[in-house]
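Here the structure is laid out as structure tokens; the discussion comes afterwards.
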Amino acid sequence: MLIDSHCHLNYKGLVEDQENVLERARASGIDLMLNIATRESEWDAVLDTAIRAPDVWATVGIHPHEADEHPHIDTAKLVARAAHPRVVGIGETGLDYYYDHSDRERQRSSFRSHIVAARDTGLPLIVHTRDAEEDTLAVMRDEMGKGAYTGVIHCFTASGAFADAALELGFYISISGIVTFKSAKDLQETAARLPIDRLLVETDSPFLAPVPHRGRPCEPAFVADTAKFLANLRGESLEDLAAATSANFRTLFKKVA
């Protein structure tokens, strides 16, 4: 059984057919799904899905793209919402300098608020980083010096050096369908050597459908295709990779029953 450690079940492309999306995931051997929040307006819907479906869990957070629109979301608000028994993580949060949809200083401030919430609650942090490796690590290291916290670099596409630095901080690395793309040679090299006890798999659905589903909305069922590719890349059996990544998820997201 596999776990999709990062999906957006309430995004357009999945929400219109959510019940069937969930059934297809279950039929494909997906044991659990983590439904990720990215803006305040979707918090209730993300949580409602997790309340309704026992194999879906929720997070609370503000995506870096949304930082400018959410200056009022501070650590206290995150901590308060994270008290719900179905909320098991903080994020996604982080830095995205590729699109720069939000001011970079506002992104960094929001990122720090999320880290403090993760530290205060003991819940793992879900980190998004794109074209911002240096600043992402600077913030993470600085905050780690103030007190330990844990988390995952989701949809990993950064450098091998960034992966090593994140692992040194105690973080997990989550691999998405991007690893199946022909153009993803550098990512494949990194994914092949990641320690098995720090590895997760995800879809980031409805985005980034893996081969052989390119051109279609991604959905949690497709994490099976990513896992199969990744197992072959690493020279492991699918069964071993599924068992390890599922165990890692439960180790990291301790609140999951």
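The values are calculated or read from the model by the stated rules, or taken from the named source; none is laboratory data. Everything quoted here is computed from the prediction, not taken from an experiment. Glycine also receives a Cβ, built like all others from the backbone with ideal geometry; neighbour counts cover every protein chain displayed. To get the accessible areas, we keep the full protein, side chains included, count just its heavy atoms, and leave off ligands, DNA and RNA. Shrake-Rupley method; radii C 1.70, N 1.55, O 1.52, S 1.80 Å.
Among the helices of the chain, those built from whole DSSP H runs whose Cα atoms reach 15 Å or more along their own axis and whose mean Kyte-Doolittle hydropathy is at least -0.5 are 223-234, 238-252.
Can you tell me how the stretch 202-257 classifies by the Cα gyration tensor, rounded, prolate or oblate, using a/c under 1.5 as the rounded cut?
oblate
The value of relative contact order for the chain, using C-alpha pairs under 8 Å at least six residues apart, is 21 percent.
Name the residue, out of Ile173, Ile51, Ile126, whose mean-square fluctuation peaks in a Gaussian network model built on the chain with Cα pairs under 10 Å. Between Ile173, Ile51, Ile126, it is Ile51 that shows the largest mean-square fluctuation.
Each residue of the stretch 170-183 is assigned a 3J(HN,Hα), and the resulting list reads x, 7, 9, 10, 10, 9, 9, x, 4, 4, 7, 6, 4, 7 Hz, derived from the Karplus form 6.51 cos²θ - 1.76 cosθ + 1.60 (θ = phi - 60°), x at Gly and Pro. Heavy-atom accessible surface of the chain, averaged per residue, reaches 41 Å², computed with a 1.4 Å probe.
Calculation over all alpha carbon pairs of the stretch 1-136 in 5 angstrom steps from 0 returns a P(r) of 2, 11, 21, 21, 19, 13, 9, 3, 0 percent. At a threshold of 8 angstrom on Cα-Cα distance, excluding pairs fewer than six apart, so keeping six or more, what relative contact order does the stretch 86-205 reach in percent? So the answer I get is 22 percent. Taking every protein chain into account, the 1.4 Å probe leaves Met140 with about 0 Å² of accessible area, to the nearest ten. If the segment from Phe207 to Lys254 were pulled out straight at 0.36 nm per residue, it would be longer than the present Cα-Cα gap by 14.3 nm.
Each peptide in 92-100, 164-172, 211-219 receives the mean, over its residues, of other Cβ atoms within 10 Å, and ordering these scores from highest gives 92-100, 164-172, 211-219. Ordering of 72-81, 128-137 by packing is 128-137, 72-81, highest average first (other Cβ atoms within 10 Å, averaged per residue). Rounded to the nearest whole Hz, the Karplus-based 3J(HN,Hα) values (6.51 cos²θ - 1.76 cosθ + 1.60, θ = phi - 60°) of the stretch 205-215 follow the sequence 4, x, 9, 6, 4, x, 4, x, 10, 3, x, with x at glycine and proline.
About its Cα centre, how strong a charge dipole does the stretch 60-166 have in debye, to the nearest 20, once Lys and Arg get +1 and Asp and Glu get -1 at the Cβ? Numbers along the way, then the final one.
Working: 11 positive and 17 negative charges, 110 e Å.
Using Cβ point charges on Lys, Arg, Asp and Glu, the stretch 60-166 gives about 520 debye.
Show me 179-188, 112-121, 239-248 ranked by packing, highest mean number of other Cβ atoms within 10 Å first. Intermediate values should be presented prior to the final figure.
Values: 179-188: 15.4, 112-121: 22.6, 239-248: 17.9.
Result, highest mean Cβ count within 10 Å first: 112-121, 239-248, 179-188.
For the stretch 109-173, the calculated P(r), taken from all Cα-Cα distances in 5 Å bins from zero up to the bin holding the longest distance, is 4, 19, 34, 28, 13, 3 percent.
Given a 1.4 angstrom probe, I'd like the percentage of the accessible area of the stretch 188-257 that is carbon and sulfur, rounded to a whole number. All intermediate terms of the calculation are to be shown ahead of the outcome.
Details: 1710 of 3120 Å².
Taking all protein chains in place, the stretch 188-257 shows 55 percent carbon and sulfur surface.
Based on C-alpha pairs under 8 angstrom that are at least 6 apart in sequence, the stretch 1-151 has a relative contact order of 19 percent.
For Ala45 and Asp131, the FRET efficiency from 1/(1 + (r/R0)^6), where r spans their Cβ atoms and R0 equals 25 Å, is about 0.25. Among the listed pairs Lys182/Lys254; Lys12/Lys228; Lys77/Lys254; Lys77/Lys185, a Cα-Cα separation exceeding 32 Å is found for Lys182/Lys254; Lys77/Lys185. Taking label points 7 Å from Cα along the Cα-to-Cβ direction, Tyr98 and Glu236 give a separation of 2.5 nm. For the stretch 43-108 versus the stretch 231-257, the spacing of their alpha-carbon centroids is 25 Å.
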